[in-house]
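Worksheet: the structure to be examined is printed underneath.
The values are calculated or read from the model by the stated rules, or taken from the named source; none is laboratory data. Note that the coordinates shown come from a computational prediction; the quantities given were computed from them, not determined experimentally. When we count neighbours, we look across all protein chains shown, and the Cβ atoms used for this are built from the backbone with ideal geometry, even at glycine.
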Amino acid sequence: MPKRHYGGAMSGHAPPNRATSVARQPVTLLPQLGRWACVCFCLAAWPAWPASIPVIIRVVGSDGQPVANADVALFWQVKGGAMKPTDAKAGVSDRNGKASLQVETWNEKRPVLVLSADRKFGAIVGVTNTDENKELTATLVPTVRAMGKLDCPELNAKPPWANTMVSPAGFSGRVAQDMGESAKFDFVLPAGKYTFYSYGSDVEGLRQPIQLAENEGEHDFGTTHLKASAIAKLKGKPAPNWDVTAVRGIKAKTTLADYKGKWVFLEFWGFW
């Protein structure tokens, strides 16, 4: 029986001569060159790392006097019912009301949330990449407690996990979030306009614009009803049929009915 050749030396024969090896090199190298070209292209197309710039935030009251011990941060999270900065680069104002902050601008105007030590006053300040080494003033106004609950009438239950994020008007970035299994949110924010975005497990996200007035004190959203996600509505029900557009290892016209009585494992990539 003749020996099979698998691209290297043939079994039972001498290795191919140098000329044969050289002739094969382009065939071996082309896929490698293709991969390197792809890597280089991806690196060239990848967005530049955001610029990190230093700024000084000067915190003052309505009378223009400096406010000490105010927390200054790009992002906050509700923990144990209290607003806390999560950014390691957060600052605290000194006796002159000044706090140093390192801001990654991402080529957009970033909102900075300032809250007094007692959380009764706050401010939003915008920072751009043109503010490097500048002193920006944050004038404090009364804060408002903004709270609410989340549920899903279609599922007759609250989301098992949910998150509500807050964006000040005029900014695409968010300044705070309240996430967990309670399906509630409870923020302390300076009076102003915001968008609240709530989402969670088994539900669709919902945006709610709101104006928090200075004399409001508290704003109760009540219960926000979130719609059930498409997949959540199918739990416990027969799976819908499918149309196979790409297939490997099974016939192209396969349907779910072909697997009736068998276990079928479906993995959803990037569903969220």
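So which residues in segment 71-84 are buried (at least 21 other Cβ atoms within 10 Å of the Cβ) and either among the charged types (D, E, K, R) or part of a loop (DSSP other than H, G, I, E, B) (or both), if there are any at all? Hits for segment 71-84 are ASP71, LEU74. Looking only at residues in segment 102-121 that are crowded, with 21+ Cβ neighbours inside 10 Å and under 20 Å from SER172 (Cβ atoms), the one that is modelled with the lowest pLDDT is VAL103. Looking at (1) at pLDDT below 90; (2) closer than 30 Å to ARG145 by Cα; (3) among the polar types (S, T, N, Q), which one does SER229 not meet, given that it meets all the others? It fails just one condition, (1). Within segment 85-101, if we keep just the residues that are over 20 Å from PHE171 (Cβ atoms) and at pLDDT 95 or above, the residue that is surrounded by the fewest Cβ atoms within 10 Å (Cβ to Cβ) turns out to be ARG95. Sub-7 Å Cβ pairs linking a first residue in segment 245-272 that is farther than 16 Å from LEU234 by Cα and among the small types (Gly, Ala, Ser) to a second residue that is in a loop (DSSP other than H, G, I, E, B) and modelled with pLDDT of 75 or more, at least 6 apart or interchain, are ALA252/VAL244, ordered by first then second residue. Picking from residues in segment 187-205 that are over 15 Å from PHE75 (Cβ atoms) and among the aromatic types (Phe, Trp, Tyr), the one that is nearest to the chain's Cα centre (by Cα) is TYR199.
Every condition in (1) assigned to a helix (DSSP H, G or I); (2) under 22 Å from the mean Cα position of the chain (by Cα); (3) among the aliphatic types (A, V, I, L, M) is met by ALA257 except one, and the failing one is (2).
Scanning segment 37-70 for residues that are in a strand (DSSP E or B) and modelled with pLDDT of 90 or more yields ILE53, PRO54, VAL55, ILE56, ILE57, ARG58, VAL59, VAL60, PRO66.
Screening segment 124-220 for strands (runs of 3 or more DSSP E) wholly inside it with 3 or more residues that are in contact (Cβ under 8 Å) with a residue 60 or more places away in the chain returns the ranges 135-139, 141-151, 176-180, 184-190. Screening the candidates ASP243, ASP178 for the property of being surrounded by 10 or more Cβ atoms within 10 Å (Cβ to Cβ) and of a type outside the set (A, V, I, L, M, F, W, C) yields one hit, ASP178.
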